[in-house]
Ligand SMILES: [Zn+2]
């Protein structure tokens, strides 16, 4: 998919949300390599307004999500409230099966620093859900100052709410291989060339940006223009970084912060450049610092054990 077609798809998704003014350009210009803080905003005032509010207020959908998540919390005996009271839920689309795609807004809308948190892209990795719910609770009880945090706690609801949570979405696509990155590859799920063994868990889609959940993430990046993206996965036990050099030092600090809670692996070869991933698209193609926290276990039992490691990294990643 070329950039023009991706822009059309994102525009179509945004147009389905009322109160959203679609920005003219699908992505912000690449930021200076010397500063990942917000550059002066010289867009027309209407576009600035569009960047200020994402999606439409959806308290009922948020409450319904929290009730379902609470049942999951109790199943796994996580001993916590799934959602704190008073979260501001907003809807930015629907999944392939019609589930609302929701974000929670925390901090200050017009803060000079914005951080986008994307979780449960792969719902068979359960520790990120524990970490994300703890994040919501902590940020709600002690709202961050000088930073706007937008959290999409459940990027792939269709994958989570099936009988056995799956890595892929309802249409069998790996959402972290479906971004219209310059390196998107239709053969991504054929890792053993010549043996005709397809790893369907990593199917990138027939074309890039075909999935509503991919468009959801692209819309958030396009509208919010975050200074940093934090995404949670498991079970590699590392902190991966994609993006301009300006973010490397922060990635090293976050890695160091995690080290007292878990063993940090070096970036394995398999994680070199993952075609069609969020890191490739947002980090490498568009220059937005993109930090991927990989917790060392996917098992829900390990959620409480590794959440402190995520929190330690997050405190570094959310610091101005
Ligand atoms: Zn994952």
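Take each of the peptides 55-68, 228-241, average the number of other beta-carbon atoms within 10 Å over its residues, and list them starting from the highest.
The packing order, highest mean first, is 228-241, 55-68.
Is the C-alpha gyration tensor of region 195-245 telling us rounded, prolate or oblate? Criteria: a/c under 1.5 is rounded; beyond that, a/b larger than b/c is prolate, otherwise oblate.
Because a/c hits 1.5 or more and a/b fails to exceed b/c, region 195-245 counts as oblate.
Peptides 82-95, 172-185: what's the order by average Cβ count within 10 Å, highest mean first?
172-185, 82-95
None of the figures in this text is laboratory data; all of them are computed from the coordinates on show. Everything numeric in this text was worked out from a predicted model, so none of it was measured. When we count neighbours, we look across all protein chains shown, and the Cβ atoms used for this are built from the backbone with ideal geometry, even at glycine.
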